[in-house]
Amino acid sequence: MNAARGSLCLKNVTVAYQGIEALAEVSLTLKPGEAAALIGLSGSGKTTLLNTCNALIQPTNGAVSIDGKKFSEMSSQELRYARSRIGFIHQSLSLVPNLRVIQNVVSGRLGQRSFLGGARDLLFPSTNVVEKVYEVLDSVGIAEKIYERTDRLSGGQQQRVAIARALFQDPLILLADEPISSVDPVRAKATISLIREICKKKGLTLCVSLHNLDLAKTFFPRLIGLQDGRLIFDKATETVGANEINKLFNLPDGCIDFGPLTSKPSMLGKSLE
Amino acid sequence: MKDHLIQLYRARPKTNFVRLSLLVMALLISYTWIGGGFLSSNNSIIQRTENLERFVGELKPYELRGESFNIYSYLSWAKTMMAEKGWQAAETTLAISVAAIVLGGILGNLLAIPASRNFASNFNRDHLNLSALLLAGPARLLLIFLRTIPEYVWAFLLLSLIGPNAWPLVLALALHNAGIIGKLSAEVIENLPDQPQVSLHSTGASRLQIMLTAVLPAALARLLLFFFYRWETCVREATILGMLGIVSLGFWIQDARARNFYDEMIFFILLGALIVVIGDVISTLVRTHIRRIF
């Protein structure tokens, strides 16, 4: 058994859709237990990068590997197992709305179950499973919602269900794509802090893409800047300078700070004229 | 301001598609009217009126023809008709329709699984890979085959294979409706929001697991709606298919017509209509309920 559990390595990864490069020659390594925030404008390739990390997108060039093993060299069995140990919290809510919370959380572990085993967990979960779900829901603060229908919960609570589902997978790596895009700023901070705490406690490797620069700076020791599919910087948060940030968001030096950036500044500039 | 609006109006994007199709439609109507043989008829208006009067006269029950109108005698006549043939025929019609839709629903929904391209492509977003075509293609062809052959033809073929009992009708309706339900269900499955499916796929869930966890709950309400809608149709079709010789309502309609008993014929036609209406009402109630609870 090698010591590295939950390391993630991208080597010269290029992803092209119909000739347009969404990612270009990106290389980076996350050590087990490390936490990094992925920042950049919309369309800079953050989602694509995260999707290559759980083999949802195959890179056109280059290779992604987990604990030293390349996705492209895995058998479908191995790939299924690898995926089952990568938690992914999606941008838009990816829960099944008319299932109960417990059923959505249980569905996170399907990758490790047979068809019948999964069906049993879903329809007639054993006490053991129920208790484990309760525990996970408790850790995200919505334990009492366990038997509620998922679409009856608020957006913030649903986001927590999604986090619980990812945690129920018992992952080694947790990836999150804009996990706070559907919650208000106060909850956003609480959510990010929660994800960060849990990963710290369990020693999970964490990579989160964020629009909100402040949150990224506050909670993450490492920042990865993406622009037009290219890696602009990848270093410890305190060493990232203001000019690098400005360059990343296409702001000329000394421009107004837009705070959490949600669209290209050039467009904002136009509407101000 | 006004000039500007007029200018914008003139510059609006327009297509001649609607105008052109209206013109084509008008031409087609006049062509069929003139060329279709609707205008020539050997019967004069007077003759037609006479025919109609005689027909309406024969709709009155034969036993009651001499008497003056009395609702009780009509009711007792209807009662005898029901006792002789009506109840049994209505029961058979209903039984055929229920058996047919249950079989058709099971077969159709099972075929809908491989026929939906997102399942076939293992819930990868790009739907055009080879394995998807190899799975969804044949499944879809089979569904097309099942539904392009009309119930009536299926029943006719099966009747000569199985012999004269209710099964040819049940199977005919089941096969045709499996084709329709399979197609509709596959469309529903393909058009579901794919986020939950993709996210489960990304955690290593197999496609059958995704089907059970993400697709079935989301699609169930609509699948049930189609199921009950097709049941309505089955009730209607089970009536008509009796004309092939199986003792559902259609058989007695055909039988009465052959013997020129128009009073009996109209009675069974109305009974059939009543059954269809009852079927519609039940189906509508169930569907409203389904919409409310999901």
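The numbers here are math on the coordinates, done by the rules we state, and not lab data. Small disclaimer: the values here were computed from a predicted structure and weren't measured. Every residue, glycine among them, receives a Cβ derived from its backbone with ideal geometry; neighbour counts consider all protein chains shown.
Annotations
- The calculated FRET efficiency for the pair B:Lys2 and B:Leu23, based on their C-beta separation and a Förster distance of 45 Å, comes to about 0.90.
- Fully extended contour minus Cα-Cα distance, from B:Leu64 to B:Asn191, at 0.36 nm per residue: 39.8 nm
- Antiparallel %, DSSP beta bridges [both residues in the protein assembly as shown], to 5: 55
- Gyration tensor verdict on chain B (Cα atoms; rounded if a/c is under 1.5, prolate if a/b is larger than b/c, oblate otherwise): oblate
- Alpha-carbon centroids, region B:133-168 and region A:174-237: separation in whole Å: 57
- Region A:140-204: C-alpha gyration tensor shape, a/c 1.5 cut-off, then a/b vs b/c: oblate
- Helix-only [θ]222 nm of the protein assembly as shown, DSSP H runs n ≥ 4, -39500 (n - 2.57) each, per residue, nearest 500: -18000 deg cm²/dmol
- Label-point gap, in nm, between A:Asp151 and A:Phe115 - each point 7 angstrom along Cα→Cβ: 2.7
- Across the cross-link table entries A:Lys11/A:Lys189; A:Lys217/A:Lys247; A:Lys201/A:Lys235; A:Lys11/A:Lys201; A:Lys69/A:Lys217, which are compared at the Cα atoms, the separations over 20 Å belong to A:Lys11/A:Lys189; A:Lys201/A:Lys235; A:Lys11/A:Lys201; A:Lys69/A:Lys217.
- C-alpha long axis of helix A:185-202 to longest principal axis of chain A, angle in °: 60
- Calculated SAXS-style log₁₀ I(q)/I(0) at q = 0.09, 0.10, 0.15 Å⁻¹ - region B:135-247, Debye, Cα scatterers: -0.33, -0.40, -0.74
- Charging the Cβ of each Asp and Glu at -1 and of each Lys and Arg at +1, and nothing else, the dipole of region B:58-113 about its Cα centre rounds to 60 debye.
- Largest-first principal axis extents, alpha carbons of chain A, Å: 59, 42, 35
- Pairs of Cα atoms nearer than 8 Å and 6+ residues apart set the relative contact order; for region B:72-293 it is 25 percent.
- Residue by residue along A:107-120, Cβ atoms of other protein chains within 10 Å of the local Cβ number 5 on average.
- Equivalent ellipsoid semi-axes - Cα gyration tensor, the protein assembly as shown, angstrom: 64, 31, 22
- Positive-end residue of B:Leu241, B:Asn16, A:Gln18, charge dipole of the protein assembly as shown with Cβ unit charges: A:Gln18
- Counting neighbouring Cβ atoms within 10 Å and putting the fewest first, the residues B:Phe123, B:Phe69 line up as B:Phe69, B:Phe123.
- Magnitude of the charge dipole, chain A, Cβ model with Lys/Arg +1 and Asp/Glu -1, debye to 20: 680
- Inter-chain Cβ neighbour average for residues A:181-194, partner chain, 10 Å: 0
- For chain A: relative contact order, % (alpha-carbon pairs under 8 angstrom, 6 or more apart): 26
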